[in-house]
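Scroll down for the structure; my scribbles are underneath it.
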Amino acid sequence: MNPPAVRQEARRRAGVRCEYCRFHERHLPLWPFHLEHIVAEQHGGTDDLDNLAWSCQRCNLRKGTNLSSIDPDTRTVVRVFHPRSDTWEQHFAMTSDGKIQGLTSVGRATAWLFQMNSTERVELRRLLFAQSEW
Ligand SMILES: [Zn+2]
């Protein structure tokens, strides 16, 4: 598969949503989404679809090359969410007030590292919920 086809397939597979924070591309029209390497190339990650995720800019920039972070509740080192081998609903829940709750160590560490609950992100989710646009 050529690079544009890989990009298109990763975007389609993700439902045009960030595979980490679940924002849809239409929610963030001024910030084009990234084709993100789950395992960064510097760690030996490949360009195969199994190692790629569709990501908003914020999540991709916060993730960087990180494969792990700290669970804020237990202060232990844990891996971050892996969109190809993990299920979002297993690690996260969306609350009615616009926050993403980490249900597991992986979910809490990822939500914290990616700043999924920054003020502007929570406010945008609340606005989208109120307008039934989520
Ligand atoms: Zn995101």
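The values are calculated or read from the model by the stated rules, or taken from the named source; none is laboratory data. Remember, predicted model here, so these are calculated numbers, not experimental data. Glycine also receives a Cβ, built like all others from the backbone with ideal geometry; neighbour counts cover every protein chain displayed.
Where residues in the range 85-96 are loosely packed, with under 14 Cβ neighbours inside 10 Å and modelled with pLDDT of 95 or more, which of them is farthest from TYR20 (Cα to Cα)? Reasoning before the result, please.
Applying the first criterion (loosely packed, with under 14 Cβ neighbours inside 10 Å) to the range 85-96 yields 85, 87, 89-90, 93, 95-96.
If we keep only those that are modelled with pLDDT of 95 or more as well, we get 85, 87, 89-90, 93, 95.
On the way: SER85: 13, THR87: 10, GLU89: 11, GLN90: 13, ALA93: 12, THR95: 15 Å.
Here the answer is THR95.
When you look at LEU128, is it in contact with a Phe, Trp or Tyr (Cβ under 7 Å, 6 or more places away or on another chain) and either touching a residue at least 24 places away in the same chain (Cβ under 8 Å) or at positive phi (or both), yes or no?
yes
Anything in the range 91-126 that is more than 13 Å from the ligand (Cβ to nearest atom) and hydroxyl-bearing (Ser, Thr, Tyr)? List them, or say none.
THR95, SER96, THR104, SER105, THR119
Restricting to the range 103-134, and then to whatever is of a type in the set (Phe, Trp, Tyr) and closer than 23 Å to PHE81 by Cα, can you tell me which residue is surrounded by the fewest Cβ atoms within 10 Å (Cβ to Cβ)?
Residues of the range 103-134 of a type in the set (Phe, Trp, Tyr): 112, 114, 129, 134.
Remaining after also requiring closer than 23 Å to PHE81 by Cα: 112, 114, 134.
Working: TRP112: 18, PHE114: 26, TRP134: 16.
In this case the residue turns out to be TRP134.
Name the residues in the range 1-29 that are closer than 18 Å to TRP88 by Cβ, loosely packed, with under 14 Cβ neighbours inside 10 Å and small (Gly, Ala, Ser), would you?
Listed by number, the list holds a single entry, GLY15.
Is the range 32-44 home to any residue that is farther than 13 Å from PRO83 by Cβ, surrounded by 11 or more Cβ atoms within 10 Å (Cβ to Cβ) and in contact (Cβ under 8 Å) with a residue 40 or more places away in the chain?
no
Hey, does the range 8-17 have a residue that's away from the ligand (no atom under 15 Å from the Cβ), part of a helix (DSSP H, G or I), modelled with pLDDT of 95 or more and basic (Lys, Arg)?
Applying the first criterion (away from the ligand (no atom under 15 Å from the Cβ)) to the range 8-17 yields 8-9, 12-13.
Now narrow it down to the ones that are part of a helix (DSSP H, G or I): 8-9, 12-13.
Cutting the leftovers down to modelled with pLDDT of 95 or more gives us 8-9, 12-13.
This time we only want the ones that are basic (Lys, Arg), so: 12-13.
Yes - at least one qualifying residue is present in the range 8-17.
Among the residues of the range 36-48, are any within 14 Å of the ligand (Cβ to nearest atom) and either in contact with a helix residue (DSSP H, G or I) (Cβ under 7 Å, 6 or more places away or on another chain) or not in a loop (DSSP other than H, G, I, E, B) (or both)? Explain how you work it out, then say what you get.
Step one: of the range 36-48, the residues within 14 Å of the ligand (Cβ to nearest atom) are 36, 38.
Going one step further and asking which of them are either in contact with a helix residue (DSSP H, G or I) (Cβ under 7 Å, 6 or more places away or on another chain) or not in a loop (DSSP other than H, G, I, E, B) (or both), we end up with 36, 38.
Yes; the residues of the range 36-48 include at least one that is within 14 Å of the ligand (Cβ to nearest atom) and either in contact with a helix residue (DSSP H, G or I) (Cβ under 7 Å, 6 or more places away or on another chain) or not in a loop (DSSP other than H, G, I, E, B) (or both).
List the residue pairs whose Cβ atoms are under 7 Å apart, where the first residue sits in the range 49-62 and is more than 8 Å from the ligand (Cβ to nearest atom), the second is of a type in the set (A, V, I, L, M) and assigned to a strand (DSSP E or B), and the two are 6 or more positions apart or on different chains.
LEU52/LEU35; TRP54/LEU35
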